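Structure record follows, encoded as structure tokens.
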Amino acid sequence: MPSNLLAHHLRTLEQAGVITRRRSEGDRRRAYLRLVPGTLDSLVAAPAAAVPRVLFVCTANSARSHLAAALWRRASHVPAASAGDPASFDTAVADLRDRVGRLAPHLAATS
């Protein structure tokens, strides 16, 4: 990005009150930019309503939903379920699940 284009956009953000600019106290050649706290808060969407549970579905019933549900249960207090058929949970997927458990125990599925 050309420096004049960057300078233009920084000046526009400064004029809009989104950032502040402060010169260094030493030789005053360096400029320090700071995001003004709270100026971008209106851009954030309102928090989503709490959901009672999460359902994972995968195409071709290849057990991705089982793995996704297991990982979700490790990362969230919201209950998760899989719509996949447990019979499709083949040995390759079971092997992957076991390897994830060895390499990253905090992500392993709980049975």
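The values are calculated or read from the model by the stated rules, or taken from the named source; none is laboratory data. Remember, it's a predicted structure, so these values are computed and weren't measured experimentally. As a convention, Cβ positions derive from the backbone with ideal geometry for all residues, glycine included, and neighbour counts pool all protein chains shown.
Here are some conditions: (1) in contact with a Pro (Cβ under 9 Å, 6 or more places away or on another chain); (2) assigned to a helix (DSSP H, G or I). Leu13 meets all but one. Which one does it not meet? Going through (1) in contact with a Pro (Cβ under 9 Å, 6 or more places away or on another chain); (2) assigned to a helix (DSSP H, G or I) one by one, Leu13 breaks only (1). In this entry, Ala92 is excluded by the filter for residues that are of a type in the set (A, V, I, L, M, F, W, C), modelled with pLDDT under 70 and loosely packed, with under 10 Cβ neighbours inside 10 Å.
Select from the stretch 35-45 the residues that are surrounded by fewer than 10 Cβ atoms within 10 Å (Cβ to Cβ), aliphatic (A, V, I, L, M) and under 16 Å from Leu13 (Cβ atoms) and list them in ascending order. Full working, then the answer.
Taking the stretch 35-45 first, the residues surrounded by fewer than 10 Cβ atoms within 10 Å (Cβ to Cβ) are 37-38, 41-45.
Cutting the leftovers down to aliphatic (A, V, I, L, M) gives us 43-45.
Listed by number, the list holds a single entry, Leu43.
Checked against the criterion of being surrounded by fewer than 10 Cβ atoms within 10 Å (Cβ to Cβ), farther than 30 Å from Arg73 by Cα and at pLDDT 85 or above, the stretch 46-59 has no qualifying residue.
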